[in-house]
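To keep things clear, I will list the structure first and then write my remarks on it.
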Amino acid sequence: MVVIRLFCNQGMSTSLLVSKMREEAEKAALKVDIMAYPVNEVEENLKGVDCALLGPQVGYLKGKVSKICQERGVPLDVIPMMDYGMCNGKNVLEFARRLAGK
């Protein structure tokens, strides 16, 4: 099971991307737990997480959020703008799996 958390402004703009990622995981028979939350809820949503992804619109917060993630041993990166904009669930899922080392 790969546990992935996406963080954006309100936690809603990534909901379609989360759905696309889940669809791709199902096609590949991968067990995943993928959820989206507002970026201001990072601290309370990192327990048991394999990797955290920031939406490009909040990528400017990477420095601040990475400190929180590092304290909890959770790798963090910003979702590539093109994949986010195109809602490319397959690419973002692979990006997350590489980041998580799975």
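The values are calculated or read from the model by the stated rules, or taken from the named source; none is laboratory data. From a predicted model like this one, the values you see are computed outputs, not experimental measurements. Note that we place each Cβ from the backbone using ideal geometry, even for glycine, and neighbour counts take in every protein chain shown.
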Notebook entry, point to check: Can Ser19 be described as without any contact (Cβ under 8 Å) to a residue 24 or more places away in the chain, farther than 19 Å from Lys67 by Cβ and within 13 Å of the chain's Cα centre (by Cα)?
Noted result: no
Check: Which members of the range 12-61 meet the condition of being part of a helix (DSSP H, G or I), farther than 13 Å from Ala96 by Cβ and touching a Phe, Trp or Tyr at 6+ places or on another chain (Cβ under 9 Å)?
Finding: Val39, Asn40, Glu41, Glu44, Asn45, Pro56, Gln57, Val58, Leu61
Next item on the list: Enumerate the pairs (first residue in the range 51-67 and of a type in the set (Asp, Glu); second residue anywhere and surrounded by 14 or more Cβ atoms within 10 Å (Cβ to Cβ)) with beta-carbon separation below 7 Å, excluding pairs fewer than 6 apart on the same chain, so at least 6 apart or on different chains.
Entry: none
Item checked: First in the range 82-101 and free of Cβ contacts under 8 Å to residues at least 40 places away in the same chain and within 13 Å of Glu24 (Cα to Cα), second anywhere and assigned to a helix (DSSP H, G or I) and charged (D, E, K, R), Cβ under 7 Å, 6 or more apart -> Asn91/Asp83
Next item on the list: Test each condition in (1) under 19 Å from Asp33 (Cα atoms); (2) modelled with pLDDT of 95 or more for Glu71 and report the one that comes out false.
Entry: (1)
Item checked: Criterion violated by Lys31 - all others in (1) surrounded by 13 or more Cβ atoms within 10 Å (Cβ to Cβ); (2) free of Cβ contacts under 8 Å to residues at least 60 places away in the same chain; (3) among the basic types (Lys, Arg) satisfied -> (1)
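For every residue, the table says whether it meets (1) on the phi > 0 side of the Ramachandran plot; (2) of a type in the set (D, E, K, R); (3) surrounded by fewer than 16 Cβ atoms within 10 Å (Cβ to Cβ).
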position: Gln57; (1), (2), (3): no, no, no
position: Lys62; (1), (2), (3): no, yes, yes
position: Cys69; (1), (2), (3): no, no, no
position: Arg72; (1), (2), (3): no, yes, yes
position: Pro75; (1), (2), (3): no, no, no
position: Val78; (1), (2), (3): no, no, no
position: Cys87; (1), (2), (3): yes, no, yes
position: Lys90; (1), (2), (3): no, yes, yes
position: Phe95; (1), (2), (3): no, no, no
Next item on the list: Considering (1) out of contact with any helix residue (DSSP H, G or I) (no Cβ under 9 Å at 6 or more places or on another chain); (2) modelled with pLDDT under 95; (3) of a type outside the set (A, V, I, L, M), say which one Glu44 fails and leave the rest.
Entry: (2)
